[in-house]
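One structure is given below, encoded as structure tokens.
The values are calculated or read from the model by the stated rules, or taken from the named source; none is laboratory data. This one's a predicted model, so the numbers in the text were calculated from it and none came from an experiment. Virtual Cβ from ideal backbone geometry, glycine too; neighbours counted across all protein chains shown. Each accessible area value is taken on the protein alone, full model and side chains, heavy atoms only, with ligands, DNA and RNA left out. Shrake-Rupley method; radii C 1.70, N 1.55, O 1.52, S 1.80 Å.
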Amino acid sequence: MGYVPGRFDREGAEDMNRIAKTVFAPIYPVIAQQVLERCGISRGRCLDVGSGPGSLGIALAQASDLAVTLLDSSPEMIAIAEGNVREAGLSARVALLEGDVHEIPLPDGSVDLAVSRGSIFFWEDLARAFSEIHRVLAPGGRTYVGGGFGTVDLRNAVAATMARENPDWRSFRDRNLGLENRERVAGILADLGFRHRIISDDSGFWVVIERGR
């Protein structure tokens, strides 16, 4: 699942929410657990960048003590996410913020964990986006940014359903998660000089940046 942030009409946002709550629903708790285990951060402030309907951020709030902010540039998507947060009973711990990854409306060093699933493939300027995410990370903070489905079985199940709905979906997924795109992201991170590691395995393709203390 992917989209061009900020270019939703109401119908498009509702369609994305429908897919997130059905076809994609099983992946978010799995990815949330992987985030917590691999980053070792379960308290503090979490920022979900390009959060869409809020599925990953909500799953992280449910699985940890994190206070979560859902950031999306689409007001239609923010409105839907607000309903999902309320439905999950998490309004006290999950906030909503309209804004763009290229100019995150948060202070320096204000986020302990920054996550994003899927939106990275639509960032217009990766270097600027990663620099903004790095800016808002607190000392010792980490990112878990990329795309994937958590496990091979989940990936295959999602792919089978999505390919029936949209024959072009599989090629779209393979292009985003393919070697060429992974190498492009790795090159940009190397140029930026941020301390990072790249995970590329059955869980997907993820960038873990660590802000020095």
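Quick notes on this one:
- The stretch 146-179, subset outside any helix (DSSP H, G or I) and at pLDDT 90 or above, residue surrounded by the most Cβ atoms within 10 Å (Cβ to Cβ): Gly146
- Tallying residues that are part of a helix (DSSP H, G or I) and touching a strand residue (DSSP E or B) at 6+ places or on another chain (Cβ under 7 Å) within the stretch 131-145 yields 4.
- Boolean, Glu103 is more than 21 Å from Gly40 (Cβ to Cβ), open to solvent by less than 50 Å² (accessible area, probe 1.4 Å) and modelled with pLDDT of 95 or more: no
- Filtered residue count, the stretch 184-212, keeping only those that are touching a Leu at 6+ places or on another chain (Cβ under 9 Å) and of a type in the set (A, V, I, L, M, F, W, C): 7
- Looking across the stretch 1-33, the residues that are at pLDDT 95 or above, surrounded by 19 or more Cβ atoms within 10 Å (Cβ to Cβ) and closer than 18 Å to Val115 by Cα come down to Ala20, Phe24, Ile27, Tyr28, Ile31, Ala32.
- Scanning the stretch 161-176 turns up no residue that is within 22 Å of Leu36 (Cα to Cα) and not charged (D, E, K, R).
- For the stretch 127-137, the set of residues classified as in contact (Cβ under 8 Å) with a residue 40 or more places away in the chain and open to solvent by 10 Å² or more (accessible area, probe 1.4 Å) consists of Ala127, Ser131, His134, listed by residue number.
Residue by residue, here is whether (1) under 17 Å from the mean Cα position of the chain (by Cα); (2) under 20 Å from Met16 (Cβ atoms) holds:
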position: Ala67; (1), (2): yes, no
position: Leu71; (1), (2): yes, yes
position: Ile78; (1), (2): yes, yes
position: Gly83; (1), (2): no, yes
position: Gly89; (1), (2): no, no
position: Arg93; (1), (2): no, no
position: His102; (1), (2): yes, no
position: Pro107; (1), (2): no, no
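- Checking Leu90 against (1) of a type in the set (A, V, I, L, M); (2) over 23 Å from Val208 (Cβ atoms); (3) assigned to a loop (DSSP other than H, G, I, E, B); (4) open to solvent by 40 Å² or more (accessible area, probe 1.4 Å), the condition it does not meet: (4)
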